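Here the structure is laid out as structure tokens; the discussion comes afterwards.
The values are calculated or read from the model by the stated rules, or taken from the named source; none is laboratory data. Please read these numbers as outputs of a predicted model, since none were measured by experiment. Every residue, glycine among them, receives a Cβ derived from its backbone with ideal geometry; neighbour counts consider all protein chains shown.
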Amino acid sequence: MKPGIVVIAELTGPVADRIHAVQERYDPRMAAELPPHLTLIGSSGMGPISARTTPDVLREALIPVSQSTAAMTLRFDAPMQFMQSNVVVLPVDPNGPVRALHEAMAERVRAARIVTERPRFTFTPHCTLNFYRELPSRAVRELLAMRFDEPVVVDAVQAYRAVSARGTELLFALRLVGTAA
């Protein structure tokens, strides 16, 4: 993982266990770095947060978002290849509550003048099934044929810092405690 801090929404429950098993099979390095998740800050939409940012500064910036955002139930669309690569992802509705959460967090990060890298892509909410391994065509087809139809609940966000090329540490977690609209 690149140096810096990412903010994710860890997936939990049976679907997360299934996704993690797939990640371990197709990309063990990625599976060891972080639990199955949706990246909210640190990839598409807003690049990684500077490693020099203190956890307290970031937490204070994000608390209002976590207090005003309700937990959400999501469904994954069929797997797809990301941006003409061999990376396979499980997309979620790009215009739904995950986008609203991302935009609220990005606004708070900018307002706090927290330094981030420039994003490489526009915000595209997804859970990555493989990233580091260059998969043969057969393996890509296997991933694209999989389905994860069970709903998944996002009820918290977590900040992780890259501590080495292959390791991360959890800095903090914030529950999403707002009320549904």
(request) From (1) surrounded by fewer than 15 Cβ atoms within 10 Å (Cβ to Cβ); (2) of a type outside the set (Phe, Trp, Tyr); (3) more than 20 Å from TYR26 (Cβ to Cβ), pick out the condition that doesn't hold for SER137. (result) (3)
(message) Report every pair of residues separated by at least 6 positions or lying on different chains whose Cβ atoms are under 7 Å apart, first residue within the range 86-109 and farther than 18 Å from GLY47 by Cα, second of a type in the set (A, V, I, L, M, F, W, C) and assigned to a helix (DSSP H, G or I).
(response) ASN86/VAL140; VAL88/VAL140; VAL88/LEU143; VAL88/LEU144; VAL92/VAL98
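Scanning for something touching a Phe, Trp or Tyr at 6+ places or on another chain (Cβ under 9 Å) and within 27 Å of LEU174 (Cβ to Cβ), does the range 66-76 turn up at least one residue?
Looking for residues that are touching a Phe, Trp or Tyr at 6+ places or on another chain (Cβ under 9 Å) and within 27 Å of LEU174 (Cβ to Cβ), one finds at least one in the range 66-76, hence yes.
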(request) With a cut-off of at least 2 residues that are out of contact with any Ser or Thr (no Cβ under 8 Å at 6 or more places or on another chain) and free of Cβ contacts under 8 Å to residues at least 12 places away in the same chain, name the strands (runs of 3 or more DSSP E) lying wholly within the range 125-181. (result) 156-164
(request) For the range 29-79, enumerate the residues that are assigned to a helix (DSSP H, G or I) and either at positive phi or at pLDDT below 95 (or both). (result) ARG29, MET30, ALA31, ALA32, GLU33
(message) Of everything in the range 91-116, what is among the acidic types (Asp, Glu) and either in contact with a Ser or Thr (Cβ under 8 Å, 6 or more places away or on another chain) or in a helix (DSSP H, G or I) (or both)? Give them in sequence order.
(response) GLU103, GLU107
(message) Residue under question is MET46, and the condition is that it be in contact with a Phe, Trp or Tyr (Cβ under 7 Å, 6 or more places away or on another chain) and of a type in the set (A, V, I, L, M); does it hold?
(response) no
(request) Filter the range 140-170 for residues that are more than 17 Å from VAL7 (Cβ to Cβ), touching a helix residue (DSSP H, G or I) at 6+ places or on another chain (Cβ under 6 Å) and surrounded by 15 or more Cβ atoms within 10 Å (Cβ to Cβ) and give the result. (result) PHE148, VAL152
